[in-house]
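Below is one structure; the comments refer to it alone.
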Amino acid sequence: MKLNAVELREVALPLVSPFRTSLGTQTVRTALLVRVLSDEGEGWGECAAEDEPTYCPEYLAGAADVIKRFMLPALAPLDLEPAAVGPALRHLRGHPMAKAAVETAVLDCWLRARRTSLAAHLGGVRRRVRVGVSVGITETVDALLDTVDRHLTAGYARIKLKIEPGWDLEPVRAVRETFGAGVMLTVDANTAYQPGDLRHLAKLDAYGLALVEQPFAPDDLHAHAALAARMDTPVCLDESITSARDAAEAIRRGACSIINIKPGRVGGYLEARRIHDLAQANGVPVWCGGMLETGLGRAANLALASLPGFTLPGDISATERYYHRDITRPFVLDGGELPVPAEPGLGVLPEEADLQACTTAVETVSCTF
Ligand code: NPQ
Ligand code: MG
C-alpha cells in the first residue's frame, strides 16, 4: 500500500456535561483525525492527545506537527502494511498518540481493502462487550449520587469514580452505601497522590473496590508496588504503561495486578495487543481505557476490547454519555454492553455533515516528498 496524501483534521465536539478529573475540567473534546488516502483506498485514525499536555506529554498541535514534519516523510516512500508502521517510526522518540493515529488510519485502510474487521484482525472473540462509565468529580456528593444513579439505571456494568485528595473516602463511601455491594466500583486518581498518602489510600479497602487506578506519578512504580503490598484492593496502572516493555516491568515489580490499556498511550492497537498477550500470559486482567474518543476511536476500542483477556468492563461508554452530536453513527448501550463493529476496518465512517459541523481546521499533506 502506497500513501498518496494524508488529511489532518482538527475537530471540536462539545461534551454533554463538563468532565472534571484531578487534572482539570473539560467542556469540549478537541481531537485530531488522520485520514490516509492510498492506492488501496482511504482509512481513518483518531489521535487521543488533548489540547494541552496534562494527561500525557503530547498535545494536539504538537501531534499534527510531528505527523506532518517527521512521520509522513518516513512513511511516504514505503510499500506499507500495518505492521510496518511501528518499525518505520521507531527512530522518532516518543509521540505514541501521534504514531497510534497514523497506524490506525493505515490499519483501517488496509483492512477495508481486505474486507476484514479490526476485531477479527486483532483476534477478537466477542461480538459484544460489557462496558463501564467514568464519572467525573462533582460539586457535591448529592450531585455525584444523582449521576451514578442515572448511569446505573442506563445499565452500565461498572462505575469508575474520579478521585483526588479531598474527594475520595467520602464520595466512595456514599456511592457504596447508596447503591449496595452489587455494583462494580473502581476509582481513578490520575496521579494526584504522593507516596506519603499510602496509609490514607489503604482506607479505600473498606469499600470493596474492584481496583484503584494510577494514584501516583507515571514514573513511580516503586510507590505503586508499595501500595499494592499494603492494600487488598488491586492496583491498576494507566499513565505508567506506555509499552509492552513497561507492562512487563510493572508486573515484575509488583506495581500492578491489573492494566488499563489505552491504544493511544501505548503507540497503537498492535502494541496494545502485545500488552494484552503479555498480561494474559502473566494472569493479569486488562481492560480498555477511554480518552473521550469520537465514534472513530470508540469503534476501534470496541474491537480491542473483544480480545479474550479484556475481562473487565472498559471506559467505552455509549455516544450519548459524551456527545449530543458525534461524527459517526451512535453507539447505543444495550444491557450494559456495546456491539463490536463487524464491518471492515474500524467498521464506521464519519458522516460528512457531522464532520463538517465540528471541523475547526483541515489540511491535506501530499505524500510526494
Ligand atoms: C483516564 N479517561 O482513564 C482518562 C483520563 C482523561 C475516561 O477517565 C479530555 C480528553 C479530558 C481525555 C480527562 C477517563 C480527559 C481525557 C481525563 C482523559 O485516566
Ligand atoms: Mg485513568
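The values are calculated or read from the model by the stated rules, or taken from the named source; none is laboratory data. Small disclaimer: the values here were computed from a predicted structure and weren't measured. Cβ placement follows ideal geometry from the backbone for every residue including glycine, while neighbour counts extend to all protein chains displayed. Accessible surface is based on the protein model in full, side chains and every heavy atom, while ligands, DNA and RNA are left aside. Shrake-Rupley method; radii C 1.70, N 1.55, O 1.52, S 1.80 Å.
Observations on the structure shown:
- Asp334 versus His91: modelled label distance in nm, points set 7 Å from Cα along the beta carbon direction: 4.9
- Highest mean packing first, where packing is the average number of other Cβ atoms within 10 Å per residue, the peptides 325-333, 302-310, 72-80, 98-106 line up as 98-106, 302-310, 325-333, 72-80.
- Taking a sphere under 15 Å around the Cβ of Asp79 and counting the other residues whose Cβ falls inside, with K and R at +1 and D and E at -1, yields a net charge of -2.
- Virtual paramagnetic centre 7 Å along Cα→Cβ of Arg325, amide N under 13 Å, in segment 6-28: 12-15
- DSSP-defined antiparallel bridges as percent of all bridges, the chain, nearest 5: 65
- The charge dipole of segment 208-287, taken about its Cα centre with unit charges on the Cβ of Lys, Arg, Asp and Glu (plus for the first two, minus for the last two), comes to roughly 180 debye.
- In nm, spacing of pseudo-spin labels at Glu170 and Val125 (7 Å Cα→C-beta vector): 4.5
- Charge sum, other residues only, whose C-beta stays under 12 Å from Met184's C-beta, Lys/Arg counted +1 and Asp/Glu -1: +4
- Degrees separating the helix 221-230 axis from the principal Cα axis of the chain, which is the longest one: 30
- Listed residues Gly290, Leu144, Ala250: farthest to the positive end of the dipole of the chain (Cβ charges): Ala250
- Calculated FRET efficiency, Ala217 to Arg115, Cβ-Cβ distance, R0 = 51 Å: about 0.70 to the nearest 0.05.
- In the chain, helices alone account for a calculated mean residue ellipticity at 222 nm of -9500 deg cm²/dmol, with every DSSP H run of four or more residues adding -39,500 (n - 2.57).
- Taking 0.36 nm per residue of sequence separation and removing the Cα-Cα distance, the Phe369/Ala12 pair yields an extension gain of 125.5 nm.
- Taking other residues whose beta carbon is less than 10 angstrom from the beta carbon of Ala12, and scoring Lys, Arg as +1 and Asp, Glu as -1, yields -1.
- Note on Ala154 and Thr359: with the Förster distance fixed at 30 Å, the Cβ-Cβ geometry gives a FRET efficiency of about 0.50.
- Efficiency of FRET between Val28 and Arg199 - r from beta-carbon atoms, R0 30 angstrom, step 0.05: 0.20
- Crossing angle, helix 295-305 versus the chain [Cα axis fit, 0-90 degrees, rounded to tens]: 70
- This model, with +1 at the C-beta of Lys and Arg and -1 at the C-beta of Asp and Glu, gives segment 66-139 a dipole about its Cα centre of some 220 debye.
- Ranking by accessible area, most exposed first, for Asp108, Asp65 with a 1.4 Å probe: Asp65, Asp108
- Under 30 Å, Cα to Cα: Lys pairs in the chain, sequence gap 8 or more or different chains: 13
- Amide N proximity, segment 27-70 versus Glu139 label position 7 Å along Cα-to-Cβ, cut-off under 20 Å: 27-28
- Dipole magnitude for the chain: computed about the Cα centre from +1 point charges on Lys and Arg Cβ and -1 point charges on Asp and Glu Cβ, it is near 860 debye.
- Between segment 244-268 and segment 1-73, the Cα center-to-center distance that results, in Å: 23
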